[in-house]
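This report refers to the structure that appears directly beneath it.
The values are calculated or read from the model by the stated rules, or taken from the named source; none is laboratory data. Quick caveat: nothing in here was measured; it's all calculated off a predicted structure. As a convention, Cβ positions derive from the backbone with ideal geometry for all residues, glycine included, and neighbour counts pool all protein chains shown. What goes into the accessible areas is simple: the full protein's heavy atoms, side chains included, and nothing from ligands, DNA or RNA. Shrake-Rupley method; radii C 1.70, N 1.55, O 1.52, S 1.80 Å.
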Amino acid sequence: MRTIFITGASSGIGLATATRFAEEGWTVYAGIREWTPALEQQAVPNLHFLEVDVTDLTSLKQAVAVIEQEVGHLNALFCNAGQGLLRALGQATSYEINQLFDINVFGVMRTVECCLPLLKAAPHGSHLLATSSISGLVGQPMNEIYCASKFALEGLFESLATYYKPFFSIDVTLIEPAAVETNFTASVLDRLEQTGGLHEDDFKPIVESYLRTYRIRHQDRQSADDIAELVFDLVHADEKPLRVRTAPEDEAFVAHKTANDPSGLIGTVKTRQLTLNLD
């Protein structure tokens with residue numbers, strides 16, 4: 001029985017991915033913050049919704065205990081829960097910064113920690129994935145706090161990749177999209193308005209310029225279904241990359257960082273050789 005656990009599956013990429021896998025016969029555990037009537041429309045066999053909060057270790061342990069009791073292993077774990085923040089350092093409150101890192105970084109750490117025994121228990125290896133961002137590769141104006149959280153995620157998974165595969169048969173992959181047609185961007189802008197909108201300060205013309213160019217650069221956004229299809233293909237691929245961008249324009253945006261090692265596998269193998277004496 002092929003089984004996947006997906007966090008942040010209430011909507012967008014998470015829900016689309018959960019549906020895609022369930023339609024192919026996978027047993028899917030879709031982590032949601034809370035039940036909503038809209039989820040009743042997702043009547044797909046093998047799709048099971050679990051209420052889980054990645055900022056709450058007890059909540060995660062309870063959800064993982066259900067999976068362990070019912071199937072006993074995970075073939076794949078997709079850490080998709082995340083949050084954005086469009087505030088400069090000096091504008092954002094300590095609460096906003098802590099909340100962002102609690103979801104984007106510590107939430108992923110908690111999820112991996114809780115699920116690692118089930119990933120190890122998969123009979124023919126397993127796959128650990130997370131939704132990162134091109135913002136985890138390239139720092140951008142007015143996004144320094146969000147970028148820092150995604151840089152941290154990239155460092156976490158890059159480190160795990162050096163030994164999870166050779167010792168535990170767990171492949172590790174970071175999905176790095178830019179603009180996807182989901183509620184994510186709207187939520188970021190809503191949060192901006194809910195916390196006072198654009199502040200009348202030295203940062204205002206910078207964020208206005210950033211928003212103008214963002215809308216121009218991302219007029220044609222990918223759909224959540226596009227990303228779900230990519231995730232499905234990655235899980236079934238023979239060779240699984242450490243990193244993958246999801247659109248040509250995203251590849252171009254980060255090319256100065258990734259041109260010599262687009263998939264990240266060259267660096268992973270080199271680090272294994274230098275630090276663990278592994279080929």
(request) Could you state the angle between the C-alpha long axis of helix 265-276 and the longest principal axis of the C-alpha atoms of the chain, as a value from 0 to 90 degrees rounded to the nearest 10? (result) 70 degrees
(request) Estimate the FRET efficiency between residue 221 and residue 24 by the formula 1/(1 + (r/R0)^6), using the beta-carbon distance for r and 22 Å for R0, to the nearest 0.05. (result) 0.30
(message) Given the -39500 (n - 2.57) contribution per DSSP H run of 4+ residues, what per-residue ellipticity at 222 nm results for the chain, rounded to the nearest 500 deg cm²/dmol?
(response) -15000 deg cm²/dmol
(request) Summarise the accessible area of the range 1-150 (1.4 Å probe, protein heavy atoms) by the percent that is carbon and sulfur. (result) 51 percent
(request) Would you work out the relative contact order for the range 50-133, in percent, from Cα pairs under 8 angstrom that are 6 or more residues apart? (result) 46 percent
(message) What is the angle, in °, between the Cα long axis of helix 224-236 and the longest principal axis of the Cα atoms in the chain? Nearest 10 is fine, range 0 to 90.
(response) 40 degrees
(message) Could you give the length gained by full extension between residue 51 and residue 249, i.e. 0.36 nm per residue of separation minus their alpha carbon distance, to one decimal place?
(response) 67.7 nm
(message) What number comes out for accessible area per residue over the range 76-139 if the probe is 1.4 Å? Units Å², please.
(response) 34 Å²
(request) Just reorder 36, 19 by solvent-accessible area, largest first, 1.4 Å probe, all chains present. (result) 36, 19
(request) Sticking with the crude label model, points 7 Å out along Cα→Cβ, report the distance from residue 275 to residue 237 in nm, one decimal please. (result) 2.2 nm
(request) Evaluate Rg over Rh across the chain, taking Cα atoms for both radii and Kirkwood's formula for Rh. (result) 0.96
(message) Which one, 155, 27, 128, projects farthest toward the positive side of the charge dipole computed for the chain from Cβ point charges (K/R +1, D/E -1)?
(response) 155
(request) Run the 1.4 Å probe and let me know the accessible area of residue 261, rounded to the nearest 10 Å². (result) 40 Å²
(request) Mind giving me the FRET efficiency for residue 35 and residue 121? R0 is 30 Å, r the Cβ-Cβ distance, nearest 0.05 is fine. (result) 0.60
(request) Any chance you could give the angle, 0 to 90 degrees and rounded to 10, that helix 107-120 forms with the longest Cα principal axis of the chain? (result) 20 degrees
(request) Would you mind working out the magnitude of the charge dipole of the chain relative to its Cα centre, with +1 at each Lys and Arg C-beta and -1 at each Asp and Glu C-beta, to the nearest 20 Debye? (result) 540 debye
